[in-house]
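Undergrad: Questions regarding the structure given below will be posed in turn.
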Amino acid sequence: MSKIEFVPSYLVDDYQLLTENIESYQDPEEPEIFKNYVSNLLAQLNQTPGFLAGMPDQLAMCLIFIVKLDSKKLLPLCMHSEPEWDEVKACVGIHKSYRPLLSILSEKYQHQLKIALLLLCFHELGSTAEEFNAEPDDSEEEQEERDDHDYPDYEEYQGQDQDSLDQY
């Protein structure tokens with residue numbers, strides 16, 4: 001059994017978006033949906049390299065079929081803190097026809113590219129973000145108080161007609 005890797009806290013939000021997006025496009029009955037989406041996104045990225053600025057999860061999806069990561073080498077570099085670009089760059093292979101695009105991304109959108117590649121590293125390893133997404137524990141008293149304010153008591157509405165209940 002392989003060891004489960006947990007996504008570091010600085011990547012959790014973007015990793016969750018990436019995994020949710022990938023899952024939403026994967027359909028066993030129509031397996032080409034995901035590949036078509038990625039191809040269209042990549043074509044747009046090729047025409048306008050900055051159009052995914054601020055969306056490293058989408059950039060990671062664009063790169064999923066065109067980069068090869070040395071995850072064994074990259075993983076230890078990014079587990080506890082965000083690695084430098086030069087460390088990440090040394091762990092990446094790129095399909096030769098996309099080298100010009102990656103050069104532009106590296107020059108103008110380096111941080112976003114780095115995050116996208118780190119996301120792909122964890123995705124390849126089948127990592128999980130659950131450990132970092134736990135909701136804070138509320139005390140029972142706070143929860144009961146919130147429940148009392150959120151939903152009126154059922155007894156208040158006994159005997160009222162349906163029209164007056166529809167507002168809730």
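Undergrad: Go through the stretch 34-55 and give me each residue that's surrounded by 11 or more Cβ atoms within 10 Å (Cβ to Cβ) and either closer than 21 Å to GLY126 by Cβ or within 18 Å of the chain's Cα centre (by Cα) (or both).
TA: PHE34, LYS35, TYR37, VAL38, LEU41, LEU42, PHE51, LEU52, ALA53, MET55
Undergrad: Right, something else. Within the stretch 3-20, does at least one residue satisfy the condition of being in contact with a Gly (Cβ under 9 Å, 6 or more places away or on another chain), over 17 Å from ALA116 (Cβ atoms) and surrounded by 11 or more Cβ atoms within 10 Å (Cβ to Cβ)?
TA: There is at least one residue in the stretch 3-20 that is in contact with a Gly (Cβ under 9 Å, 6 or more places away or on another chain), over 17 Å from ALA116 (Cβ atoms) and surrounded by 11 or more Cβ atoms within 10 Å (Cβ to Cβ).
Undergrad: Within the stretch 1-93, considering only helices (runs of 4 or more DSSP H) that don't extend past its boundaries, which have at least 1 residues that are touching a residue at least 40 places away in the same chain (Cβ under 8 Å) and of a type in the set (D, E, K, R)? Spell out the reasoning first.
TA: Working: elements: 12-25, 32-47, 56-63, 71-78, 85-89.
Filter on the stretch 1-93 gives 12-25, 56-63.
Undergrad: Which residues, counting only those in the stretch 95-141, are modelled with pLDDT under 50 and either loosely packed, with under 10 Cβ neighbours inside 10 Å or of a type in the set (Phe, Trp, Tyr) (or both)?
TA: Scanning the stretch 95-141 gives PHE132, ALA134, GLU135, PRO136, ASP137, SER139, GLU140, GLU141.
The values are calculated or read from the model by the stated rules, or taken from the named source; none is laboratory data. Everything quoted here is computed from the prediction, not taken from an experiment. A quick note on method: Cβ atoms are made from the backbone with ideal geometry, for glycine too, and the neighbour counts reach across all protein chains shown.
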